[in-house]
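The values are calculated or read from the model by the stated rules, or taken from the named source; none is laboratory data. Fair warning: this is a prediction, and the values are worked out from it, not measured in the lab. Neighbour counts are summed over all protein chains in view; Cβ atoms, including those assigned to glycine, are modelled from backbone coordinates with ideal geometry. Ligands, DNA and RNA are stripped out before the accessible areas are found, and what is left, the full protein with its side chains, is counted by its heavy atoms. Shrake-Rupley method; radii C 1.70, N 1.55, O 1.52, S 1.80 Å.
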Amino acid sequence: MTIPGSVVHTRRWRLPPLPPRRRRLILAAAALVAVVAAAGSGLLVGVILGLVRHLPDISPIYTPPGEATRVYARNGELIASLYRENRVVLPLGEIPLTLRRAVIAIEDERFYSHPGVDIRGTVRAVWRNLLAREIVEGGSTITQQLARSLFLTRRRALSRKLAEMVLAVEIERRLTKDEILERYLNEVYFGHGAYGVQMAARIYFGKPAGDLTLAESAFLAGLIRAPSAYDPFRDPVPARRRQSLVLQRMAALGYITRQQAAAAAAERLRLQPEGNAGLVGVRAPYFISYILPQLLERYGEETVYTGGLRVYTTLDPALQAEAERAVRRGIEAARTAQLNVTQGALVALDPQTGHILAMIGGYDFAHSQFNRAWQARRQPGSAFKPFVYLAALMQGMPPTTIIVDEPIEYDTPQGIWKPKNYTEEFAGPVRMRQALERSINIPAIRTLEQVGPVRVARLAQKMGIRSPLRPDLSLALGSSEVTPLELTSAYGVLAALGVRAEPLAILRVEDRLGQVLEEHAPRRELVVPPEYAYVMTDILKGVILRGTGRGAALGRPLAGKTGTTDDYRNAWFIGYTPYLVTSVWVGNDDNSPMVKVVGATVPARIWRAFMQAAVGRYPPDDWPEPPGVVTVTVCGTSGLRATSSCDDPRREAFIRGTEPTDYMTAQPSETRLARQWTRQQAAAPPPPPSPPPAEEVSPAPPEASAATPAPSPPPQSPGTGAAPAVRPRLVLLAPRDREVVRSPFTIEGRTEPGAVVYVTVQYASGATPVSVADMVRAGDDGRFSYTFGPADVVPGVRYIVTITVVFADGQQMSGSFTVVEASGPAGDGLR
């Protein structure tokens, strides 16, 4: 908004001659005031003494004014301000002299000479207001205004005015003039939610106070008397007249020349658009609504809204903007096509760190503040199937396992359940890979039946699903509700090859003085052996290359899965690269069905639009193959090793030891494949019992220094009955089991040269990992070391340290020991 300049009309401040009758009235009124003042002086003193006894405590004058909490993105950009009064406190030295003088000129020209109350200034203000026939100057000093703002109401009454004067004198007794002016300039209200000169400069001119020109300073000073009356967005003319008056007063007091005043008054001002608070607007409202409850819980409402906290977050502003654009355009396109899609959500994480880079919780925050990204639980449909097949892989079933897709039924307490496929057709014998790529329901249910719903539910929760999961066969079809944030985090485990990074939104919080109140590093834990995460990712790459997610392809290594629930009430697409994992959900808040919207349509298009803009910042890397994986060329029909007679040879990744050894001699018939499935079922060993929860893990005995080898797959801990090794392939050197240590401490061991070593540290109570679950590699001499230091040291806490080694031949071995955090100051309690 541009306001044209106006010319200053300079003239001497001469009082016009009064008519004789008015002059007599004024003299009579003055005489009457003098008589009343003399007669009532005793009464006035009594009133003042009474007021003093009931005045508020003014010790808060030493407390800094309430300041907004600022929220910053990962690149330092300000994305939101949380406040009751939108304020940024500035030292007096950072406030331009022209702005200070402009305020003094129009509000209290004798500020540096009066004791808090200016009788002469009050009389002069009354006189000028009478001459102008409007309020052009106030009678309250800056100190009185500060007293009123901090301690009194704005109710017009003699008692309040007298209290204001008494408090002003007391404030002057306690603070210097510069301290009073600094507090006033940071406290005063300028309209449009701006408290203090810094926010006024940003809201009206989009710049810090230190960059204000003379014209802009005079303009802001003129707003103080009545921000609503001089609102430039409603009518710029009164505001410019007020600015001219400020400049005239500055010139009359010798702060500037009359030429400078005229030039400033004629200067064109460029205001920010109304309602745009510049950088203080909430640019990522759904993300802010996610972190706000965390801040309120830790610091309380008063500190969050008035304490001037500085909150540094993981949000990427560019990705957030792309996410908002993709979701809005995708839903609008669906509405245009009359698909009955009204809402959507998107979450993007860095799988290596857990950093939340973008979060969209709905179509329009102004219309609905409900954050569907983390508050809404919806059925994931087929997007849950990767957890079923991952559990199967971990039980020894290779991707070439033959599963028969045929009609099945189950007798349940609710009656006979006859699950069906989306196409309502049956494919007969199919390989596990084909079943997942084509998202066929029956093979998923059969696999869940063999692996066990409880085992699958535990695995999904270990990977990041925090919502309750019903351990029945419908779990294979995604019947248990989850949030987009949970599902994104769980898929992030696959993207990071088995390492789960706890979702993280807040990196650091500082107080108004810059003192760090909290700081968070990524919390990572190895929850799935990397070779299993790699093979599952390889299968999910096929979903995009050949399966239901073909519409999401971007010409680089990607893995992902579609998800659709019965009656089209929920549709999902979750996909990832080694550096970015993103989920998209669409549906309706009232759970009404969409018009045949599946995961491969609207969600996949939104996902692709976002990822196409996002992945350009990352290299097109594929996932590195872990040592425990072997790749074999198999025949796509049978899953056996391919020969020249195979017309569909494919490269397939296997966990070492599960790859096929037989070669295909002829194209198998469906009957032979069915018999192969039957033989697999008969030969398959019963699933081993589920591992105990973390709190039931038994530490290694004190004398145990070498771990015993475990067959692959899966890895086993010492003492599980595995055959002893001929020679120790893993020796844990330090610290000793049950040793008292002081963090940070170094974990040392010896194994085969070049072996990959995974280190995990947990509280002995088992629930929460306190260490980054990191990978190190043994040196040429076989030695390895890892230094562990928790973010918060808890004296007396016990840590369980687990070392898992993957050897070049694919075998794995684990060893564990327990150590205790020292208590007391350094040097105490160590042995």
_Efficiency of FRET between Thr661 and Thr336 - r from beta-carbon atoms, R0 41 angstrom, step 0.05_ = 0.15
_Let me check I have the definition right: for segment 305-396, take the eigenvalues of the Cα gyration tensor, multiply each by 5, take square roots. What are those semi-axes in whole Å, largest first?_
28, 23, 13
_Please compute the Kirkwood hydrodynamic radius over segment 535-584, one decimal place, Å, based on all pairs of different Cα atoms._
11.1
*If you place +1 on the Cβ of every Lys and Arg and -1 on the Cβ of every Asp and Glu, how big does the dipole about the Cα centre of segment 490-621 come out, in debye to the nearest 20?*
620
*Inter-label distance, nm, simple model (7 Å from Cα along the C-beta direction), Arg512/Ser823*: 4.0
*Assuming R0 = 51 Å, what is the FRET efficiency of Arg258 and Glu301, from their Cβ-Cβ distance, to the nearest 0.05?*
0.50
_In range of the label at Asp780: residues from segment 739-761 whose backbone nitrogen is under 19 Å from the point 7 Å along Cα→Cβ_ = 750-756
*Mind giving me the nanometre distance, one decimal, between the label points for Thr213 and Val169, set 7 Å out from Cα along Cα→Cβ?*
4.5
_Hydrodynamic radius of segment 525-624 per Kirkwood, over alpha carbon pairs, in Å_ = 14.2
*Dividing the Cα convex hull volume of segment 366-464 by residue count, how many Å³ per residue is that?*
150
_Chain lengthening between Phe426 and Glu502 when straightened (0.36 nm per residue, less Cα-Cα)_ = 23.4 nm
*log₁₀ I(q)/I(0) of segment 199-333 at q = 0.18 Å⁻¹, via Debye over equal Cα point scatterers, no solvent, to two decimals?*
-1.01
*Determine the gain in length on full extension of the stretch Tyr579-Ser645; use 0.36 nm per residue of separation and subtract their C-alpha separation, reporting nm with one decimal.*
19.8 nm
*What order do His114, His367, His192 take when sorted by accessible area (1.4 Å probe), most exposed first?*
His367, His192, His114
_Quarter of the Cα convex hull surface for segment 420-568, i.e. its orientation-mean projected area (nm²)_ = 11.8
*Under a 1.4 Å probe, what is the accessible area of segment 177-296 per residue, stated in Å²?*
37
_Considering the Cα positions of segment 570-613, please state its Rg to one decimal place and its Dmax as a whole number of Å._
11.4, 36
_Length gained when the stretch Arg470-Gln369 is fully extended (0.36 nm per residue, less Cα-Cα span)_ = 33.4 nm
*Roll a 1.4 angstrom probe over the protein heavy atoms and tell me the percent of accessible area of segment 507-620 that is carbon or sulfur.*
49
*Please report the relative contact order for segment 436-578, taking Cα pairs under 8 Å with a sequence separation of at least 6, and give it as a percent rounded to a whole number.*
21
*Between Thr412 and Val454, what is the FRET efficiency for a Förster distance of 22 Å, r being their Cβ-Cβ separation, to the nearest 0.05?*
0.85
*asked:* Quick check: pseudo-label points 7 Å beyond the Cα along Cα→Cβ at Val126 and Arg798, how many nm apart are they?
replied: 8.2
*Using a 1.4 Å probe over the heavy atoms of the protein chains, calculate the carbon and sulfur portion of the accessible area of segment 225-372 as a whole percent.*
50
